[in-house]
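Here's the structure we're looking at; comments come further down.
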Amino acid sequence: MTDTKIKIENLSFFYGKKQAINDFSLDIPKNRIMSVFGPAKSGITTLLRSLNRLYELIPDTRAEGRILIDNEDIHAPSVSLTQLRRRVGMVFDVPTPLPMSIFDNMAYGPRLSGIKRRSELEGIVEQSLKMAALWEDVCDRLDTPAASLSGGQQQRLCMARVLALKPEVILLDRPCSGLDPISTAKIEESLQELKKQFTIVIAPHNIQQGGRISDRAVFMLSGNLIEEGTAEEIFANPTDKRTADYITGRFG
Amino acid sequence: MKDFKEKLSGRIFFVLALSSISVLALITVFILIKGTPLIAEVGLKDFIFGMTWAPGRGEFGIFPMIAGSVSVTFGAAVIGVPIGICCSIFLAEFAPAWLSKIFRPVIQLLAGIPSVVYGFWGMIFVVPLIRDYLGGPGLSILAGSIILAIMILPTVISISEVSILALPRQYKEGALALGMTHWQAIYSVVLPSAKSGIVASVVLGIGRAVGETMAVIMVLGNAVALPESILDPVRTLTTNIGIEMGYAEGAHEQALFATGIVLFVVIMIINGLAQYITRDKNKGRR
Amino acid sequence: MKLSAKSSEKIAKSIIWAAAMLVVAVLAAIVIYILAKGLPTLSWSFLTEIPEGGGAAGGIASPIVGTVLVTAVAVLIATPLGVGTAVYLAEYTKGGAITKIIRFSAESLAGIPSIVYGLFGFIFFVMYLGLGWSILSGGLTLAIMILPTIIRTSEEAIRGVPGSYRETSFSLGATKWQTIYKVVFPAAIQGITNGIILSVGRSVAETAALVLTAGSSLRMPTSLFAPTRTMAVHFYTLAMEDISPANAFGTAALLIILIFIINVGANILLNRFISNKGKKKEAKGGKRN
């Protein structure tokens with residue numbers, strides 16, 4: 001068993017008065033891929049977004065309990081929000097290229113952290129694009145708008161853009177939900193490489209994907225943690241009946 | 001440093017927003033300060049209902065101007081509103097795509113043409129026509145109403161059209177599915193559903209007509225007297241200010257600011273009404 | 001006698017078509033009449049010579065310069081104020097009382113007649129601040145007048161920027177200001193520019209507010225504190241005082257051409273803005289499915 005990277009302790013989450021996550025505790029190991037899955041509206045997106053505090057963009061939201069990354073409470077007043085979001089990068093369910101060139105998309109994060117030298121930026125961009133297996137596709141057209149890429153390429157660009165932040169944790173919220181099988185395979189492949197350097201939390205877009213890629217998995221239902229364990233346990237021999245029902249397709 | 005920039009930018013935007021609204025306060029305060037002493041001296045009732053406007057003799061009654069504003073605005077609404085609403089229905093429901101593509105910029109151009117150009121056209125084209133065929137001096141309520149009717153068209157058309165286009169498509173489709181003709185669907189489903197937006201467009205158009213100055217100076221004749229027919233010349237609240245402000249002094253100048261207060265209040269009521277109507281609509285939608 | 005559904009459909013349709021054609025005909029009548037009478041006067045010397053004899057002879061060079069300067073002052077003052085207010089409304093408030101007050105004020109300002117702006121400009125800029133009848137007084141008065149337009153169009157443009165852009169920018173570690181400056185502004189700039197261009201049109205066309213604030217001098221202005229007469233005011237004076245019908249028509253024709261150019265420019269920008277937005281939406285919708 002490796003070290004714990006993220007420790008979630010008794011997390012409850014509220015949109016106004018509506019509770020989306022109930023008393024949720026989970027240890028997320030370092031350098032592993034952790035799948036969080038369950039039916040729609042189970043609080044999975046909310047959970048991911050609470051790890052980089054992105055939910056704070058929505059007014060009238062509130063988190064209770066503690067989230068520790070490397071034993072440091074991310075809600076502590078000393079924590080810089082922008083630093084946190086750089087340590088915990090996020091890829092969304094639809095590709096979200098910003099309306100600028102491929103290069104500027106890639107350099108967006110590094111520039112924010114104060115890197116201005118073109119050569120340094122170019123190095124980061126190239127390295128990150130290679131890690132996301134996109135460099136070959138785009139190296140000769142870095143100045144074209146990111147929106148001109150195909151959907152799968154856009155999503156890999158978004159991953160590369162997160163990698164350029166040099167994060168510690170990568171959150172992926174159903175990153176393949178709109179993609180064709182080939183693009184999906186490419187992303188899954190690169191995740192196996194990436195976990196050597198990063199801690200990855202992913203909401204897979206279906207159970208098969210969860211089974212293919214994850215080391216550990218957690219099943220969520222209506223904001224509650226139902227079951228957690230290694231991927232083989234959860235996807236092959238779940239102990240909880242609700243998990244089994246969901247995996248065999250009885251509901252969801 | 002970053003936090004500092006973050007806070008500073010937020011503050012700056014807040015200050016800019018605050019300055020924008022303080023302008024409204026500033027306008028209100030300065031016009032009130034300048035105008036209220038005269039109203040207090042003459043008495044609100046005598047000021048508004050007084051029949052004689054003779055600044056040289058110290059008589060300040062603006063009732064003829066109020067009558068002028070009301071009659072010209074009413075005339076403009078009678079002519080302009082039906083045409084405007086018909087145009088908005090045309091654009092939203094009947095016009096082929098290529099035609100509405102031409103039509104919309106035309107309406108925009110109509111809105112952009114300087115009001116003095118409309119006034120001038122009224123002076124050299126509409127006024128002689130009225131004088132020759134209907135009698136009277138030509139410079140008249142009718143001439144003013146026609147010019148203002150043209151000028152409020154863009155307001156009425158664009159806001160009505162937007163409110164018709166904003167309706168869910170199912171409304172009309174449901175009506176057509178029941179076997180209604182296109183016109184029956186428009187008349188019995190589309191127009192009633194878009195009512196608040198259309199009413200708001202009319203109210204805003206009326207606001208525009210009440211506030212217009214230069215165009216009506218050129219075609220109304222500007223006589224300070226109660227009109228007896230639509231062929232009589234009149235003077236409105238706005239033209240009263242526009243004509244006399246250039247040479248007014250002392251109490252006379254104050255009286256023009258007092259006229260401005262009356263105008264200001266009327267416009268605020270009209271705008272408040274329009275805002276209220278559209279707000280109601282938004283609530284209903286949710 | 002009750003009309004059959006078919007015949008009432010026909011009648012209603014013809015009335016509506018007739019109304020629409022009437023509006024086009026009236027506009028065409030005005031524009032063609034003015035252009036037909038005015039275009040012969042428009043010449044290089046008319047544009048470059050200073051008016052003489054109160055506009056009876058000479059050209060309209062100084063009113064052109066006056067118009068440009070007054071409009072420039074108005075736009076330079078109103079743009080930062082209006083766009084800043086719009087940013088505050090769209091990005092910083094969450095629908096509280098302050099937002100409501102700001103929006104109410106902006107909407108109320110939009111309805112105030114220009115002659116009332118003129119009264120205010122006269123008492124505040126000309127008299128109280130001692131700026132006299134000047135380009136500055138006129139420009140500041142117009143700035144207030146066009147402020148609501150700039151606020152409204154900018155706010156719409158900023159709100160039209162997809163929320164996912166903001167989310168993405170924040171998730172990459174940007175602060176709010178960085179997000180606004182690097183992502184929201186560039187995405188909204190065409191819509192904002194469209195509003196500014198429309199405001200330029202309004203400034204060029206305005207008369208009532210300027211008669212009371214900018215003066216009526218026909219001399220070539222030497223500073224922002226000098227009085228001036230804009231083209232619209234000059235045209236009004238020529239027409240009302242029957243000084244020179246030919247020059248009046250010439251000035252009016254130039255005004256109409258200017259407004260036409262401004263509208264076309266604004267439309268081109270707006271169409272590009274809309275089609276860009278459409279593309280983005282399409283791209284997104286496509287991938288969702």
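Any read-out appearing in this document is the output of simple, stated calculations on the displayed coordinates, not a laboratory observation. Keep in mind that what you see is a predicted model, and the values were worked out from it rather than measured. Positions of Cβ are backbone-derived with ideal geometry, glycine not excepted, and every protein chain shown enters the neighbour counts.
Under the definition of partner shielding as Cβ atoms of other protein chains within 10 Å of a residue Cβ, what is the mean value for peptide A:87-97?
4
Remark: region A:89-104, residue by residue, has Karplus-estimated 3J(HN,Hα) of x, 9, 10, 8, 6, 10, x, 10, x, 6, x, 8, 6, 4, 4, 5 Hz, where x stands for each Gly or Pro and the curve is 6.51 cos²θ - 1.76 cosθ + 1.60 at θ = phi - 60°. 3J(HN,Hα) couplings calculated from phi for region B:40-45 with the Karplus curve 6.51 cos²θ - 1.76 cosθ + 1.60 (θ = phi - 60°) are, in sequence order, 4, 6, 6, x, 4, 5 Hz; Gly and Pro show x.
Expressed as a whole percent, the proportion of Cα-Cα pairs in chain C lying more than 28 Å apart is 52%. The fraction of Cα-Cα pairs per 10 angstrom bin, counted from 0 for the protein assembly as shown, comes to 2, 11, 18, 19, 16, 13, 10, 7, 3, 0, 0 percent, rounded to whole percents. For the peptide C:198-210, the mean number of other protein chain Cβ atoms found within 10 angstrom of a residue's Cβ is 4. Cross-link check: pairs A:17/A:195; A:5/A:241; B:101/B:195; A:30/A:130; A:7/C:176 evaluated at a Cα-Cα cut-off of 32 Å; pairs beyond the cut-off: A:17/A:195.
Stretched out straight at 0.36 nm per residue, the stretch from residue A:193 to residue A:251 would grow longer than its current Cα-Cα span by 17.6 nm.
In terms of the mean number of neighbouring beta-carbon atoms within 10 Å, the peptides C:131-141, A:111-121, A:125-135 order highest first as C:131-141, A:125-135, A:111-121.
Under 1.5 on a/c is rounded, so check that first for region B:161-286, then, if it is not, pick prolate when a/b is larger than b/c and oblate when it is not; a ≥ b ≥ c are the square roots of the alpha carbon gyration tensor eigenvalues. Because a/c hits 1.5 or more and a/b exceeds b/c, region B:161-286 counts as prolate. Return, ordered by residue number, the residues of region B:172-203 whose backbone nitrogen is under 12 Å from a label point located 7 Å along Cα→Cβ of residue B:166. From region B:172-203, the list is B:194-201.
Projecting the Cα atoms of B:43, B:247, B:23 onto the charge dipole of chain B (Cβ charges, centred on the Cα centre) puts B:23 farthest toward the positive pole. Taking amide H atoms as placed 1.01 Å from N in the peptide plane, the amide H of residue A:11 lies under 5 Å from those of A:24, A:25, A:66, each 5 or more residues away in sequence or on another chain.
Rounded to the nearest 20 debye, the dipole magnitude of chain C is 1720 debye, with +1 charges on Lys and Arg beta carbons, -1 on Asp and Glu beta carbons, and the Cα centre as origin. When peptides B:9-15, C:191-197 are ranked by their average number of other Cβ atoms within 10 Å per residue, the highest-first order is C:191-197, B:9-15.
Phi angles across region B:81-86 convert, under the Karplus curve 6.51 cos²θ - 1.76 cosθ + 1.60 with θ = phi - 60°, into 3J(HN,Hα) values of 5, x, 4, x, 5, 4 Hz, Gly and Pro given as x.
On the basis of the beta-carbon distance and an R0 of 41 Å, residue B:182 and residue A:130 show a calculated FRET efficiency of 0.10. Charges only on Cβ, +1 for Lys and Arg, -1 for Asp and Glu: so what's the dipole of the protein assembly as shown about the Cα centre, in debye to the nearest 20? It works out to roughly 1520 debye. Shielding by partners for peptide B:239-246, expressed as the average number of C-beta atoms from other protein chains within 10 Å of each residue's C-beta, is 4. Across all directions, the average flat footprint of the convex hull enclosing the Cα atoms of chain A is 13.7 nm². Each residue, residue B:48 and residue A:78, gets one label point 7 Å from its Cα in the Cβ direction; the gap between the two is 6.8 nm. Residues within the reach of a label modelled at residue A:139 (point 7 angstrom out along Cα to beta-carbon, backbone nitrogen below 14 Å), restricted to region A:156-173: there are none. For chain B, the alpha carbon convex hull comes to 207 Å³ per residue, rounded to a whole number.
For residue A:229, the residues 5 or more places off, or on other chains, whose built amide H falls under 5 Å of its own are A:217. Under 5 Å between amide hydrogens, built in the peptide plane, is the criterion, and for residue C:216 it picks out C:228 among residues at least 5 positions away or on other chains. Listed peptides B:122-130, C:41-49, C:212-220 appear in the order C:212-220, B:122-130, C:41-49 once ranked by packing, highest mean of other Cβ atoms within 10 Å at the front.
Once you keep just the Cα pairs under 8 angstrom separated by 6 or more residues, what percentage relative contact order results for region B:49-285?
So the answer I get is 28 percent.
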